[in-house]
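Structure, as structure tokens:
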Amino acid sequence: MTHTFTLSRSDFTSFQRQVVKVLRKTVPRSWAFLLQMAVWLFIGLAVSTYLRLYDAASEYRRPLAIVGGLTVLAVVVFVLARVAPGRIVQKHLLRDNGSLLSPQTITLDEEGLVVITLEGQGSSRFAWAAFIGRTEDERNVYLFLEPSYGFIIPKTAIAGAGQELVGRKLREL
């Protein structure tokens, strides 16, 4: 079964969401939870100590208010500095004429999957056993070779028999 399709930037964004879901399954949640609890505990202690100091030192309230405001501003800037670069870089991760956003041809058979990109300039063949899993959303099927690397295949491109073949082969793993 051979199918040709072209992906969009929104397909890549959807793939990144699926990667996060896969990674959440593999990373122990208890460590992330304990780390977040420790951070909030220390933030709570710092705010509590600051408020008691502010209440007790009436002659230093103005400098303490400035220090508190600057601390809050520093935290806001810190959070923005962690989020903003990812958003800015996001639009530069893909080239409009690159292999992911140009037309692709995919062939599914009993042995595996063949992907041809850039009008035949690139090709890859993967046996079904190379895939570690799959997820899907309303538009695409995502086949994973690694927890953060895989293929995006529109459901419209493999509707029917192709979708059944992918599901059957990956259930056998």
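If you go through the range 152-173 and keep only what is in contact (Cβ under 8 Å) with a residue 40 or more places away in the chain and outside any helix (DSSP H, G or I), you end up with Ile152, Ile153, Pro154, Thr156, Ala157, Ile158, Glu172, Leu173.
Inspection of the range 92-114 identifies at least one residue that is closer than 26 Å to Thr26 by Cα and either of a type in the set (Asp, Glu) or touching a helix residue (DSSP H, G or I) at 6+ places or on another chain (Cβ under 6 Å) (or both).
Out of Leu73, Leu35, which single residue is modelled with pLDDT of 85 or more, loosely packed, with under 12 Cβ neighbours inside 10 Å and within 30 Å of Glu146 (Cβ to Cβ)? Steps first, answer last, please.
Values: Leu73 fails: within 30 Å of Glu146 (Cβ to Cβ).
Exactly one residue qualifies, and that residue is Leu35.
Inspection of the range 46-59 finds no residue satisfying the criterion of being exposed (fewer than 10 other Cβ atoms within 10 Å of the Cβ), within 30 Å of Gly122 (Cβ to Cβ) and outside the structural domain of Thr13 (by the TED database). Of all the numbered requirements in (1) in contact with a helix residue (DSSP H, G or I) (Cβ under 8 Å, 6 or more places away or on another chain); (2) within 30 Å of Thr13 (Cβ to Cβ), Ala65 misses one, and that requirement is (2).
I want to confirm something. Restricting to the range 1-29 and keeping residues that are touching a Pro at 6+ places or on another chain (Cβ under 9 Å) and under 15 Å from Ile153 (Cα atoms), which single residue is most open to solvent (accessible area, probe 1.4 Å)? Checking each candidate, the answer is Thr4. The residues listed here are Pro85, Pro147, Pro103; of these, the one that is exposed (fewer than 14 other Cβ atoms within 10 Å of the Cβ) and touching a residue at least 60 places away in the same chain (Cβ under 8 Å) is Pro103. Annotation: Leu113 fulfils all but one of (1) at pLDDT 85 or above; (2) not basic (Lys, Arg); (3) not assigned by the TED database to the domain that holds Leu165; the unmet one is (3). Of the listed requirements (1) touching a helix residue (DSSP H, G or I) at 6+ places or on another chain (Cβ under 8 Å); (2) hydroxyl-bearing (Ser, Thr, Tyr); (3) open to solvent by 60 Å² or more (accessible area, probe 1.4 Å), Ser123 misses just one: (1).
Number of residues in the range 2-45 that are more than 10 Å from the chain's Cα centre (by Cα), farther than 21 Å from Ser99 by Cβ and in contact (Cβ under 8 Å) with a residue 40 or more places away in the chain equals 1. Going by what's in this entry, would Leu94 be described as surrounded by 11 or more Cβ atoms within 10 Å (Cβ to Cβ) and either within 22 Å of the chain's Cα centre (by Cα) or among the hydrophobic types (A, V, I, L, M, F, W, C) (or both)? For Leu94, the condition - surrounded by 11 or more Cβ atoms within 10 Å (Cβ to Cβ) and either within 22 Å of the chain's Cα centre (by Cα) or among the hydrophobic types (A, V, I, L, M, F, W, C) (or both) - is met.
The values are calculated or read from the model by the stated rules, or taken from the named source; none is laboratory data. A quick note: this is a predicted structure, and the numbers were derived from the prediction, not measured. Note that each Cβ is placed from the backbone with ideal geometry, even for glycine, and that neighbours are counted across all protein chains shown. When the accessible area is computed, the model is the full protein with side chains, heavy atoms only, and any ligands, DNA or RNA have been set aside. Shrake-Rupley method; radii C 1.70, N 1.55, O 1.52, S 1.80 Å.
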